[in-house]
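Notes to accompany the following structure.
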Amino acid sequence: MSNGSRFPEEELRKAAGATPDSTLSCLLCQAQMQDARVVPGCLHSFCKNCIEKHSGGQSNFPCPHLTCNQMISQPIDSLPANSFFTSIAALDSDNENDKIGLLRGVKTSNSSSLSSLTGGCSSTGSSRMGGMARQTSPTGNLYPPLSQLLPDAPWRPQISEYPINFETPSLNSLALGDNWKQLDMWGGNGNQTKGHPKHQKCGACDENHVVHSHCRDCKEDLCESCVIAHQRVKLTREHAIFHYPDTPNSNRLPATFTTHQAQDSDVIRVYKETVEKARQDNERLCHEAKEGMVECEKALLKISAREREITNTSDLVARNVKQMVEQVIMTIREREAMLLERISRIHNVKFQSLEEQQQKIRTSMLPLQEIVKSLETSNLPDKHAIDFNKKFTQSLARMKLDLGSMEPYEDDSINFTTPDSAVFANISNMGYVSSSGFYKNSKAEGDGLKKGVLGRTCRFIVHINDHLGEPCLSKREQLSVMIQSPDKHKVSMKMGEAMNGQFPVSWRPHVEGDHYIYLQLNSVSLPGSPFMCPVRSGRDYSTIGVPVRVFGREGSGDGEMCRPWGVCCTKEGWIVVADRSNNRIQVFLSNGTFHHKFGVEGKGMGQFNKPASVCCDSRNRLIVSDKDNHRVQIFSLDGSFIMKFGEKGSEAGQFNYPWDVACNSRDHILVSDTRNHRLQLFTSGGEVLAQYGFDGQHWKHFDSPRGVCYSADDQTIVTDFNNHRLLVIRANFENAQYLGRMGTADGEFTRPNGVTVDDEGNIIVADSRNNRIQVFSAQGTFIKKFGSKGTAPGEFETPQGICMTPDGFIVVVDSLHRIQIF
């Protein structure tokens, strides 16, 4: 940078966000800068209009530059201007006066201000401007052509290549404050610059000071005190302020220097202030980074210590397990030794007994040998023959008596009685190893995480599992639940007692809008947290009655129906209809457009015989009551067969014309077994859990139950078709509430059919023979009825199935082979 002979081009280009090789065009619109504004911090410059488009109306947005992360958090109008681009724009102008004026520090696009810009000299006269003669050219321009003035200058010169015709202070000595504020027009006659409100009082304060400067952003004149205040206030400190050159205490410097230098110094001031602010912020960031490093090192030390603790605990528990097993083994070994010792003793006693028998037999063999020897003599005298006969007969008789049967005294029986099987079960279940809750294996589920109704209790369950993915039995779990409402006020919430690793949570929203549910286990967020739960106000049934959509007609083509009954909605809002007499299931989009179908008449897998109803479980499986086949079939959403269960009969798990189906929060399947006058409950796999109906208790005396559904808290609602009433059965099936009786008045029924529950717990019933829909509160209070007999939209001909869409609309199946949505 030269010391006073050239403008600080490099500083200006940096302030403009330009490189030495750049074209100085806006990166967003690729055109020349228009009203260029500087982004504080990164100093990138763009057209004001381009920045406004990029912001999208946001008050906080990133710098438009692709590689820049600088955030802009102030109004666009308050961004400082970059006069560097204004100067370049003048050089590109077709007006020779603008170009020459720029080279001399004067912008003369307005020819009416020439005299003021020349310090009072007329256009025909001559004067000295920076030591150079100035006169009108033959072409009529105030200045001669650029080729005459600077024959070696390129068409688009860099500003630093143009010398200023007087000694200017260096950039370092150029004061960014009051020094340059006092610069004046040069001319020697003391004439004021045209347009300056001479002796005008400041309108921004009540001090009656003379106008000193002009704020381009505020578009008002300011006195010196207001300028100082302007630069102190955070909101206005970045404004572009231009000082009038004829203010008191002027140094009477040339006008060319004043105008041009003031503009460029404004950019440099912004640049310097931005750099200084960045340095201060960098010091703060450095300090914060050092503190962060200290905290990280502490955290690493804690983690290392926790690793050692885990290792020590693992070793200790392993030693305890080994010690327990060794103790068990020692006990078993002792028992083994005792049992073996008993076997040995039994063995020895038996052997001793047999040895005694052997000795006895051997002793008896000696007399027998003598008898044989004596009697074998052939020359035995007669007298001896008689004596021996008598003697030996008595001896043999005595010996036979002593020896007995001569069978071994002992058998080989040694018995071992094995322990009871419970002993082995106890050994196999001896001890248990578990851990604390592990956030990765834990989860939360329930409607209370997905949607809510203003003023209604929302519920969900947090499942805490350990590091092996099993329910956590530890009582030390630090589960944190925090619900953030749109108005930032506290949300009413209650966490129930944990059971088998499950924590029930209930909360009640007090304001509409998106609520965020934060779940943390031991200070770590659970998968999916935070959950976004939109809350809306309850539906106003006072205005219901006119359908928002009607579709379907009689027929067997796609989208046509024949005696449909059941209907349900999927999570995506698709409408699924049991097209009964067409022996198929049809699926429609939420706007009523046909999507796909599946099923044909028959008894095979995936075939139907008058399917009466359909419902959708939490896994998006479709459960269909195949009525006249006396069974239930389960399909995927696209119609792929999964499984079936049931057959005709009256035993548990058998059906006699099953009609409606519903699923609770655990995906248990409830079926209205119409001709058996009962309800049957199954697991999601079709295994019988229970049955309820005509079994003695009066409230269970159904007469052809039809519609079934579940409330949010798993209460069962049943339409008792031939008893013309509605039953609300508690989740334990021990208590029930009657609603209605036969009649046509409000709250009375004639052959009620389908039933459903909205998000608020209100019960909506298809009162079929009264050709209307009735709405009751969760407590059974009548709220509203709508519909009458007829074929027009909003009228019914024996309404059948009914369900709710995910966004709170009521879908009704009409016997006129159509669907109406309210």
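No lab work stands behind these numbers, since they all come straight from the coordinates. Bear in mind the structure is a predicted one, so any value in this text is a computation, not a measurement. Heads up, the Cβs are rebuilt from the backbone with ideal geometry, glycines too, and the neighbour counts pull from every protein chain shown.
Using +1 on the beta carbon of Lys and Arg, -1 on that of Asp and Glu, and nothing else charged, what's the dipole of segment 522-623 about the Cα centre, debye to 20?
Using Cβ point charges on Lys, Arg, Asp and Glu, segment 522-623 gives about 160 debye.
Rounded, prolate or oblate, given the Cα gyration tensor of segment 41-84, with a/c below 1.5 counting as rounded?
Note, shape of segment 41-84 comes out rounded.
So if each residue of separation counts as 0.36 nm, and I subtract the Cα-Cα distance between residue 497 and residue 445, what length gain in nm does that give?
Full-extension gain reported as 17.0 nm.
So, with +1 on the Cβ of K and R and -1 on the Cβ of D and E, and no other charges, what is the size of the charge dipole of segment 704-766 about its Cα centre, to the nearest 20 debye? Mind showing how you got there, number by number?
Details: 5 positive and 9 negative charges, 82 e Å.
It works out to roughly 400 debye.
How about segment 464-552: which GluC sites (Glu not before Pro) there lie in a loop by DSSP and see at most 11 other Cβ atoms within 10 Å?
497
Only loop residues by DSSP count here, and only those with at most 12 other Cβ atoms within 10 Å; note down the trypsin sites (Lys or Arg not before Pro) in segment 651-722 that meet that.
Numbers: sites: 666, 675, 678, 700, 706; in loops: 666.
Passing sites in segment 651-722 are 666.
Fewest to most neighbouring Cβ within 10 Å: what's the order for 516, 432?
The fewest-first ordering by Cβ neighbours comes to 432, 516.
With viscosity set to 0.890 mPa s at 25 °C, what whole-number translational diffusion coefficient in µm²/s follows for segment 619-688 from Stokes-Einstein and a Kirkwood radius over Cα pairs?
D, rounded to a whole number, is 207 µm²/s.
Counting other C-beta atoms within 10 Å, and keeping those with at most 13, which DSSP coil trypsin sites (Lys or Arg not before Pro) do you find in segment 440-511?
Hits after loop and neighbour filter: 475, 476, 488, 490.
Please report the orientation-averaged projected area of segment 416-536, defined via the convex hull of its C-alpha atoms, in nm².
Computed as one quarter of the Cα hull surface, the answer is 9.0 nm².
Taking the Cβ-Cβ separation of residue 563 and residue 543 as r and a Förster radius of 41 Å, what is the calculated FRET efficiency to the nearest 0.05?
Efficiency for this residue pair is about 0.85.
What's the magnitude of the charge dipole for segment 422-480 around its Cα centre, counting Lys and Arg as +1 and Asp and Glu as -1 at the beta-carbon? Answer in Debye, nearest 20.
320
Any chance you could count the Lys pairs in segment 331-400 whose alpha carbons are under 30 Å apart, treating pairs 8 or more apart or on different chains as valid?
Lysine pairs meeting the criterion: 14.
What net charge do the residues around residue 579 carry, taking every other residue with its C-beta under 15 Å from that of residue 579, with Lys and Arg at +1 and Asp and Glu at -1? Could the numbers behind the result be given before it?
Working: positive: 553, 563, 580, 584, 597, 610, 627, 818; negative: 554, 558, 560, 601, 626, 628, 814.
Overall, the nearby charge balance is +1.
Which order results if 716, 791 are arranged by neighbouring Cβ count within 10 Å, fewest first? Mind dumping the intermediate values first?
On the way: 716 21, 791 10.
Sorted ascending by nearby Cβ count, the order is 791, 716.
If I model a spin label as a point 7 Å beyond the Cα along the Cα-Cβ vector, how far apart are those points for residue 589 and residue 628 in nm?
It works out to 3.4 nm between the two label points.
With Cβ to Cβ distances under 12 Å as the rule, what net charge do the other residues near residue 732 carry (K, R +1; D, E -1)? Numbers along the way, then the final one.
Values: positive: 730; negative: 713, 714, 734.
Neighbour charge sum, excluding residue 732 itself: -2.
Go ahead and run the numbers for FRET between residue 67 and residue 553, Cβ-Cβ distance against an R0 of 60 Å, rounding to 0.05.
Step by step, r from the Cβ atoms, then E = 0.50.
Which ordering of 634, 310 is given by a fewest-first count of other beta-carbon atoms within 10 Å?
310, 634
Once you have the Cα-Cα distance between residue 358 and residue 53, take 0.36 nm times their residue separation minus that, and quote the gain in nm to one decimal.
97.8 nm
Quote to one decimal, in nm, the extra length available between residue 511 and residue 779 on full extension: 0.36 nm per residue of separation minus the C-alpha distance between them.
Contour length minus Cα-Cα distance gives 94.1 nm.
Roughly how far apart, in whole Å, are the Cα centres of segment 275-294 and segment 773-807?
If we compute the Cα centre of each part, the gap is 66 Å.
Once R0 is set to 30 Å, what does the formula 1/(1 + (r/R0)^6) return for the Cβ-Cβ distance between residue 581 and residue 643, expressed as a FRET efficiency to the nearest 0.05?
Efficiency for this residue pair is about 0.75.
What distance in nm separates the simple spin-label points at residue 395 and residue 323, each placed 7 Å from Cα in the Cβ direction?
Placing both labels 7 Å along Cα→Cβ, they lie 7.7 nm apart.
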